[in-house]
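Down below is the structure, laid out as structure tokens.
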Amino acid sequence: MTDRNIGAEILDGLKEIKAHKKGELVLRTYSLSDPSPPKVIRLKLKLSQVAFAGLMGVSVRTLQDWEQGRREPQGPAIALLRIAEQYPKVFTQLH
């Protein structure tokens, strides 16, 4: 295990924040695209609603609400949909 100086890392981070606020430093940012609708992803994976809901950790009813536009996925569900769409092999290996 490597010895870390957490205090120095925190101070470095604070210096970066100050430099960014002064316009002296441009920080990296990332934009995540919205995943496709759940039904599109599910059909690409060739999964039933029961199987897809199980992998997503939601009830079949919730999945049906998403697919029929009565509700929108939120928070962690959106992240899982991104994974399912961008890395289908990894997603389908979950049990």
Report task. Take the chain, connect every pair of alpha-carbon atoms lying under 10 Å apart with a spring to form a Gaussian network, then pick out the residue of LEU81, LEU25, LEU47 with the largest mean-square fluctuation. Result -> LEU25
Report summary line: Calc'd 3J(HN,Hα), region 32-37, phi into Karplus 6.51 cos²θ - 1.76 cosθ + 1.60 (θ = phi - 60°), Hz, glycine/Pro = x, comes to 9, 7, 6, x, 5, x
Requested in this report: Positive end of the charge dipole of the chain (Lys, Arg +1 and Asp, Glu -1 on Cβ, about the Cα centre): tell me which of GLN68, ALA84, LEU32 has its Cα farthest that way.
Outcome: GLN68
Requested in this report: Determine the relative contact order of the chain: mean sequence separation of Cα pairs under 8 Å and six or more apart, normalised by residue count, in whole percent.
Outcome: 25
Query raised in the report: Rounded to the nearest 500 deg cm²/dmol, what is the calculated helix-only ellipticity per residue at 222 nm for the chain, with -39500 (n - 2.57) per DSSP H run of length n ≥ 4?
Result: -17000 deg cm²/dmol
Query - FRET efficiency, 1/(1 + (r/R0)^6) with R0 30 Å, evaluated for ARG61 and LYS89 via beta carbons - result: 0.60
Requested in this report: Could you check how much of the accessible area of the chain is carbon and sulfur, as a whole percent, using a 1.4 Å probe?
Outcome: 56
Query raised in the report: So which chymotrypsin sites (Phe, Trp or Tyr not before Pro) in the chain are both in a DSSP loop and have at most 10 other Cβ atoms within 10 Å of their Cβ?
Result: TYR30
Query - Phi to ³J(HN,Hα) by Karplus 6.51 cos²θ - 1.76 cosθ + 1.60 over region 42-47, Hz, x for Gly, Pro - result: 4, 5, 4, 7, 6, 10
Query raised in the report: Which one of GLU67, GLU85, GLU16 has the biggest mean-square fluctuation once the chain is modelled by GNM with Cα springs under 10 Å?
Result: GLU16
Query raised in the report: When the chain is treated as a GNM, springs tying every alpha-carbon pair under 10 Å, which of GLY75, GLY57, GLY23 comes out with the largest mean-square fluctuation?
Result: GLY23
Query raised in the report: If you line up the long axis of helix 76-86 against the longest principal axis of the chain, both from Cα atoms, how many degrees apart are they, to the nearest 10?
Result: 80
Report summary line: In whole Hz, the Karplus estimates of ³J(HN,Hα) for region 3-19 (6.51, -1.76, 1.60; θ = phi - 60°; x where Gly or Pro) are 6, 10, 9, 4, x, 5, 5, 5, 4, 4, x, 5, 4, 5, 4, 4, 5
**Report entry** Scaled radius of gyration (Cα, divided by 2.2 N^0.38 Å) that region 37-95 gives
**Finding:** 0.98
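The values are calculated or read from the model by the stated rules, or taken from the named source; none is laboratory data. Here the structure is a predicted model, which is why all the values come from computation and not from measurement. Positions of Cβ are backbone-derived with ideal geometry, glycine not excepted, and every protein chain shown enters the neighbour counts. The protein model used for the area step is the full one, side chains on, heavy atoms only, and it has no ligands, DNA or RNA in it. Shrake-Rupley method; radii C 1.70, N 1.55, O 1.52, S 1.80 Å.
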